[in-house]
Each structure stands twice: as structure tokens, then as C-alpha cells.
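Reviewing the structure listed below.
The values are calculated or read from the model by the stated rules, or taken from the named source; none is laboratory data. Predicted model only: the values in this text are computed from it and were never measured. We place every Cβ from the backbone using ideal geometry, glycine too, and count neighbours over all the protein chains shown.
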Amino acid sequence: MSDGPTGSNHPAGSDRQKSESSFGGRFRRYAQVSGTVGAAAARFAGRRMTGGGDSLEQATELREALGGLKGPLMKVAQMMATIPEALPAEYAAELAQLQSNAPPMGKPFVRRRMVAELGTDWQQHFQEFPLDAAAAASLGQVHKAVLKDGRTVACKLQYPNIAAAVDADLGQLKFIFAIYRRYDKAINPDRIYEEISARLHEELDYAHEAQNMGLYRDILANEPHVHVPGVVPELSTGRLLTMEWLEGEKLLSFKTADAETRNALALNMFRAWYVPFYNFGVIHGDPHLGNYTVRPDLDINLLDFGCVRLFPPRFVKGVIDLFWALMRNDRELAVEAYESWGFTGLTNEVIDVLNQWATFLYGPLMEDRPRLIQETNAGREGREVAGKVHRKLKDVGGVMPPREFVFMDRAAIGLGSVFLHLNAEINWHQMFMELVSDFDVAVLEKRQADVLAAHRLELAA
Ligand SMILES: Nc1ncnc2c1ncn2[C@@H]1O[C@H](COP(=O)(O)OP(=O)(O)O)[C@@H](O)[C@H]1O
Ligand SMILES: [Mg+2]
């Protein structure tokens, strides 16, 4: 009956008008739900400030409000869930469960979108193009199609005019951050907001994502156990990304596999994330469970290159310097590292707090033996360290985490949670040393400049 994502009826008109009117309906719903989220956030903040209320009940309330919203704000909510203590534990757990998917587009709507992207004869490129989506995406959906030459491809098709919805979500985020600031001064989220805003805007542009994929194929070319889909450029646009379909299983279905299997998977995931970072200054900022699959031979398919962060080489050097600073108890080197990350106002007290947090995060890398991540970094101990650091940060007047921190932190926590799920027992120290023992910032600068130039990408200012 209705073919738009909103279920509303469209006035007759051109394709363009139709998509816009159905988008209007969608946008109204966004505004409505966002209002509910805003109200829940305000209630939450009010109770928190007056010290009352049952936070589990509030968390459920917030999830219900967010549950009606299927869009970019959820990605943001998930990200916030990974920033330690940015939200009370109950909220973080609720938010982490959310899936950031847009509602499906109906068949006539898909046809109109394909006409808009590839022209009226779009079907001539495909042997098969099922109009039902194979998977949901945060800003659209993915179709599993077959090209005329027989290749099976994934077509990630975006909603039209989604930029306004992203901006509406970012407006809500700004509001939530402002409320947060009123009751908690431990972390100034201004740079975090800027970074999330920049990456979300980038994510709208599938042409940029295609460039990121080219970059990743290049920098992981020598990693035999990690696979990146190849782009089909002639069938890709700013809002349609056509790429090789990669078949695989969910990582979580390996939770109960034997130890050897789980350790092999952890190793492949480690290299998929950290070879790009330490060798090229690049990180995949969205280690969400939907963004990788496992092949029968335990190789990893890496997907979704919408949120890729390029780091200045000095930041990578800072991450490695801090490791050595902690290993050797070298306070000056630690300060140098924090400064290179862009932390300012580093009093002795702030340094102590940051060192405490860093010792906790780097813990698994610091011991030269096979071990579980959770020997020190999970559950109660994690919450206790986070709580203590949080209280101390408040005491010293708070810090403003630099922009680079956001996705580095998200990647580390996301991967940490993968390793927890896998219960992997690995010598993390040795795996880390393999990547960084002969690190040279000048070499990274040259290597990064070359590979970015080859893919027409640039470091953000
Ligand atoms: N190349 C691919 N091969 C197989 N499945 C894919 C591929 N690309 C995406 N998918 C599926 O589509 C889903 C959404 O795609 P993704 O790129 O993650 O979108 P989003 O950026 O919106 O999260 C993925 O979780 C995955 O299930
Ligand atoms: Mg994804």
C-alpha cells in the first residue's frame, strides 16, 4: 500500500517530489521522537541533580524513547556508551544494545532511489536486484544483488536528504551534552562533540567511504587474514555504494568455540584494527558487531568504512610514548605524550589521574605473558577505576579530551569488549611489540603521506 519509510501517502508528482515528501514524514517523526529523547534526558538530569529516582527505571525509559528512533542518533548513543563514565552504567548498558538502523524503504521507493542514483536504465547493470533489503544500515539499507558479469555485490543505498536528520540528531546531542555539563564537570565534551559531528557528516558521503575502502585495501594488502570488499566504482555514487559481497558469520557465534579458534580470531581482529593504526595512522572508528564477519577459515571480513579516522603521526607517537612512559615510570615522557594528544592545563594532579586511567587501559599490553583482558580490565575493577578517575577529574576541575581521543578510545573499548566476549588468552604485549618495536615517526610520516596521496585523502587540520 504505502511505499515510503513513513507509511504516509504521497501526493502524485515526480520521483524527486515523492522522495522529499516521504522524507518530510520521516523527518517529522524524527523530530517527534527526538523530543521524547530530549524530555527523557531532561527528566534524567533533573533527578540526578536532586539525587532522586531509580536509575534502572530511567534507563529503561530512555531506551524506550530511543527505541522509536532508528537513525544516526543511535550511533551517537552507542558512542557515548563507550566513553567511560560519561553516562551512568545502567544507561551505557541500555544504549549499547541499540541498533542504529533506519526503517526499511518499500519496493517502489527503492526503485525510485535507484533511478535517482544510476538513471532510468539502472536495472540493465544487474542480473538480479531483490527490492527487499538484505540488511539494514544506519542511513539506508543494503541489497544483495548480482551483476551482469556474475559477481555478487552489496549495494548500500542511502535515504535521500538524510543530512537534515543527522543535523537534527546532532542538535539533540548538543542539548544532551549541555545537560550533562550542568551536573558533571569531570569531562568537557566540546571537542568530543566536534569530532562526532565531523565524522557523522563524513559518513553521509558514500563516495568518501569508497575512498576509505580503497585506502584500507591498500594498507591491509599484506595482512592475509583480513579482507576488505572491493568497490565497484561505476555503480557507486555519493549515496549508493556498490561493493563486493563478503560472506561470513557473526563473531559472537564463536563465543563457545575452542580456545585455539577464539585466540586466532582475537589475533586477526587485533591486526585488523592496529596494523592500520600503528603502521599508517588510520583507525576504523566503528568496531560495532555488525561491521565484521568471520569466514570459515577464521579470516575476518572488515565492513563499513563510513567512520575512518586519520591521525597525525605525532598522535600515534604519543600513544606509543605513553606505553613506554608507563613501562619505565617516566613521568616526563607521559606528559609529553598527553601534550602531543592535545591535552592542556596538565597540572600534577591531572597527570596523576590520567596516568591512573592509562595504566588501567594499557595493563594487558604491559605484561609479557598470555593473559585474559579481564584479569584487570573488566567488570567491577573497570567500574571502580573509572569511578575513581571520574571523581578525581571533578576534583581537579575537569579535562577536555582532545578530538583524536574519541575514536581511538571507542576502537580500544570496542575491541576490548570483543576480546572479552571471545575470552581470548593471548600475549598482547608481544602482539603490540611486533607492531611498535621499531616505530619511527619520520617513517610513519612518509608512509602515511604516500598512501593518503594515492587515495586522494587528507589529514584533517
Ligand atoms: N560488502 C558486504 N558484504 C556483505 N554484507 C555487507 C557488506 N556491506 C554491508 N553488509 C551488511 O550490511 C550491514 C550494514 O552495512 P554497513 O556498511 O555496516 O552500514 P552502516 O554504515 O549504515 O552501519 C552490515 O552490518 C552487513 O550486515
Ligand atoms: Mg555498520
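Structure summary
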read-out	value
Of all residues in region 117-141 being crowded, with 18+ Cβ neighbours inside 10 Å and not in a loop (DSSP other than H, G, I, E, B), the one that is modelled with the lowest pLDDT	Gly140
Lone qualifier among Arg239, Arg271 - being basic (Lys, Arg) and in contact with a His (Cβ under 9 Å, 6 or more places away or on another chain)	Arg271
Val350 vs. criteria in contact (Cβ under 8 Å) with a residue 40 or more places away in the chain and within 16 Å of ligand 2 (Cβ to nearest atom)	no
Selection status of Asp368, buried (at least 19 other Cβ atoms within 10 Å of the Cβ), acidic (Asp, Glu) and modelled with pLDDT of 85 or more	no
Tabulated pairs, region 127-153, first in contact (Cβ under 8 Å) with a residue 40 or more places away in the chain, second of a type in the set (Ser, Thr, Tyr), C-beta under 7 angstrom, 6+ apart or interchain	Ser138/Ser100; Leu139/Tyr159; Gly140/Tyr159; Lys144/Thr152; Val153/Thr242
Any hit, region 265-286, residues being within 21 Å of Pro312 (Cβ to Cβ), within 16 Å of ligand 2 (Cβ to nearest atom) and out of contact with any helix residue (DSSP H, G or I) (no Cβ under 6 Å at 6 or more places or on another chain)	yes
Extreme residue, surrounded by the most Cβ atoms within 10 Å (Cβ to Cβ), among residues of region 308-332 that are out of contact with any Leu (no Cβ under 8 Å at 6 or more places or on another chain) and over 26 Å from Ile196 (Cβ atoms)	Leu326
Residue satisfying all of: in region 242-293; under 17 Å from the mean Cα position of the chain (by Cα) and in a strand (DSSP E or B); nearest to ligand 1 (Cβ to nearest atom) among these	Thr293
Scan of region 142-177 for residues that are within 11 Å of ligand 1 (Cβ to nearest atom), buried (at least 21 other Cβ atoms within 10 Å of the Cβ) and within 19 Å of the chain's Cα centre (by Cα), ordered by number	Lys156, Gln158, Ile162
Which numbered condition Ala337 misses (of (1) of a type in the set (Gly, Ala, Ser); (2) without any contact (Cβ under 8 Å) to a residue 40 or more places away in the chain; (3) part of a loop (DSSP other than H, G, I, E, B))	(3)
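One line per residue, one yes/no per condition, for (1) under 30 Å from Met243 (Cα atoms); (2) within 16 Å of ligand 2 (Cβ to nearest atom):
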{"site": "His288", "(1), (2)": "yes, yes"}
{"site": "Arg295", "(1), (2)": "yes, no"}
{"site": "Asp299", "(1), (2)": "yes, no"}
{"site": "Leu303", "(1), (2)": "yes, yes"}
{"site": "Gly306", "(1), (2)": "yes, yes"}
{"site": "Pro312", "(1), (2)": "yes, no"}
{"site": "Val319", "(1), (2)": "no, no"}
{"site": "Leu322", "(1), (2)": "no, no"}
{"site": "Leu326", "(1), (2)": "no, no"}
